[in-house]
1. Under 5 Å between amide H atoms, partner at least 5 residues away or on a different chain: which partners does Leu155 have, H built in plane at 1.01 Å?
2. Filter the GluC sites (Glu not before Pro) in the range 11-117 down to the DSSP loop ones having no more than 14 other Cβ atoms within 10 Å, then list what survives.
3. Report the charge-dipole magnitude of the range 102-152 in Debye, nearest 20, computed about the Cα centre from +1 at each Lys and Arg Cβ and -1 at each Asp and Glu Cβ.
4. Show me the trypsin sites (Lys or Arg not before Pro) within the range 41-73 that DSSP assigns to loop and that have at most 15 other Cβ atoms within 10 Å of their Cβ.
5. What's the exposure ranking of Lys179, Lys150, going from fewest to most Cβ atoms within 10 Å?
6. For the pair Asp180/Lys33, report the inter-label distance in nm, with labels modelled 7 Å from Cα in the Cβ direction.
7. Please list the non-local residues whose amide H lies under 5 Å from the amide H of Gly72, H modeled 1.01 Å from N, same-chain partners needing a gap of 5 or more.
8. Given Cβ point charges of +1 (Lys, Arg) and -1 (Asp, Glu) and nothing else, what value in debye, to the nearest 20, does the dipole of the chain about its Cα centre take?
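What follows draws every value from the coordinates through simple rules; no lab data is involved. Quick caveat: nothing in here was measured; it's all calculated off a predicted structure. Virtual Cβ from ideal backbone geometry, glycine too; neighbours counted across all protein chains shown.
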Amino acid sequence: MSEHYLNIASIRECTEAEGPGRRFALWCQGCLKRCPGCCNPEMQPLEKKHVVSTDDLIALIGESRDKWGIEGVSLIGGEPFLQAEGLAHVARECKLLGLTVLAFSGYTIDELRSMKDESVESLLSYSDILVDGPFDEQRIDDERGWVGSKNQSVLFLSDAYPQGVEFCSEHSVEVLIEKDAILINGWPCI
């Protein structure tokens, strides 16, 4: 498979707020859903942020696995499935590294499958969990640790995690203080 490039909004090499266990979190830039109340509105515009090669990203994920002991990668948005071809390549390589893949999407699985897009199908095939559906700010989910609203489904696409794992953690927020920035991720209880 040839190298691809991704438009990335943000990366967190190790987080415990974006899925089960320690994870590498990758926020994609661009989303067409425009859900009211989205926690990442700055990631909605289809504009260039940080263009990275999938090979460089895969190398960083491998380094994070070795340094932080991550068990998986979370693909967040923006909308990851707008960049399905490159992310399918990343997800495939993550599986070869022994890592799990959790994908979040504003599209439902039926919408994704109705696209009849090989790259979308490929990304789904390498994903262990899909959290699908648009965020609904009127239906905040305060029971499932990393799910935004009650209308969203948690679909187990492999047997890597037991059903119900999303209930095993509370909503959390992480703050990372760097030399020139303060980075916040996660989902606070509201």
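1. The list, which skips near neighbours in sequence, is Leu130, Val131, Asp132.
2. Those that pass, being in a loop and sparsely packed, are Glu47.
3. Taking the Cα centre of the range 102-152 as origin, the dipole is about 40 debye.
4. Lys48
5. Lys179, Lys150
6. 3.2 nm
7. Those qualifying (amide H under 5 Å, at least 5 residues apart or on another chain) are Phe24, Thr100.
8. 100 debye
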